[in-house]
Amino acid sequence: MFQIDKKFPHFSLETYNPKNEEIERISLDNFSKKEWVILFFYPADFTFICPTELLDLNKKYDEFKKLKAEIMAVSTDTVYTHKAWVETEQLLAGLRYSIAADHNGKLSRELGIYDENNGMAQRAVFIIDKGGILRAIEIVSDNIGRNASEILRKLKALDFVEKNPGLVCPANWDEGEKTLKPSIKIAGKVGKELEE
């Protein structure tokens, strides 16, 4: 099971890399100590909401890379199904990140996001820092797609507070906006502090 601000569980998964059309094996150790990792779980290939989500992430890929983040999509399909889906679904043309196969559901179960009734992972996003520490998670109903801009906004905030110890980001914070320095002096006066 996972806990925020604790080490993320070790994993090793086969992936389909659409850039070189190869099957690779990736573990958390494969990611550089200089990279954030975005693990983007989705229910299944050849479904309806899932390709729109992967497309949305692909459109923001360059912005994630600027923050030194790597995206890895994950479902309980096989790497062969991933390959066929990428080649068939026009929304996935030009996909720039790998899709991992948690075919036996081992990682999904360990994270508590495996649906035993349908054999699929839930829609979950895990943001893991450069030290392998889990910093954010989002799980939503299978009936709604997620927003890559919001995942990116959270990553920007996490990156900011990592680089600026002692500062915190208020609700809806985005790059360049006012942050706060927690202190008893601003308790009860946060609104005023944000106006200044």
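The values are calculated or read from the model by the stated rules, or taken from the named source; none is laboratory data. Computed from a predicted model, the values in this text were never measured in an experiment. Here the Cβ is made from the backbone with ideal geometry for all residues, glycine too, and neighbour counts use every protein chain on show. Quick note on the areas: whole protein, heavy atoms, side chains included, nothing else; ligands and nucleic acids left out. Shrake-Rupley method; radii C 1.70, N 1.55, O 1.52, S 1.80 Å.
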**OP:** Provide the FRET efficiency to the nearest 0.05 for the T88-E138 pair, computing r from the beta carbons and using R0 = 30 Å.
**Re:** 0.60
**OP:** Pick out which of L180, L111, L28 has the largest mean-square fluctuation in a Gaussian network model of the chain, springs linking Cα atoms closer than 10 Å.
**Re:** L180
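So what is the relative contact order for the chain, in percent, with contacts set as C-alpha pairs under 8 Å and at least six apart? Could you put the intermediate results ahead of the total?
Details: 338 pairs, mean separation 46.6, N = 196.
Worked out over the chain, it gives 24 percent.
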Original post:
Residues of the chain: accessible area per residue at 1.4 Å, in Å²?
Top reply: 53 Å²
Original post:
If you find the alpha carbon centre of the range 1-55 and of the range 149-178, how far apart are they in angstrom?
Top reply: 23 Å
Original post:
Among I186, I99, I23, whose mean-square fluctuation peaks in a Gaussian network model of the chain (Cα, cutoff 10 Å)?
Top reply: I186
Original post:
Using θ = phi - 60° and the Karplus curve 6.51 cos²θ - 1.76 cosθ + 1.60, what whole-Hz ³J(HN,Hα) does each residue of the range 166-180 get, with Gly and Pro shown as x?
Top reply: x, 9, 10, 9, x, 3, 6, 4, 9, 3, x, 8, 5, 10, 10
Original post:
Looking at (i) 17.9, 59; (ii) 15.7, 44; (iii) 15.9, 49, which value of Rg and Dmax of the Cα atoms in Å comes from a calculation on the structure shown?
Top reply: (i)
Original post:
Hey, in the GNM for the chain with a 10 angstrom Cα cutoff, which one of K34, K59, K156 fluctuates hardest?
Top reply: K34
Original post:
With each pseudo-label sitting 7 Å past Cα toward Cβ, what's the T52-I186 distance in nm, one decimal?
Top reply: 3.8 nm
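Mind checking the full-extension length gain between F2 and L194? Use 0.36 nm per residue of separation minus the Cα-Cα distance, one decimal, nm. Spell out each step's value before the answer.
On the way: separation 192, 0.36 × 192 = 69.12 nm, distance 3.35 nm.
Extra length from F2 to L194 when fully extended: 65.8 nm.
R0 = 25 Å: FRET efficiency of S32 with L167, Cβ-based, nearest 0.05?
Values: r = 25 Å, r/R0 = 1.01.
That pair, S32 with L167, gives E of 0.50.
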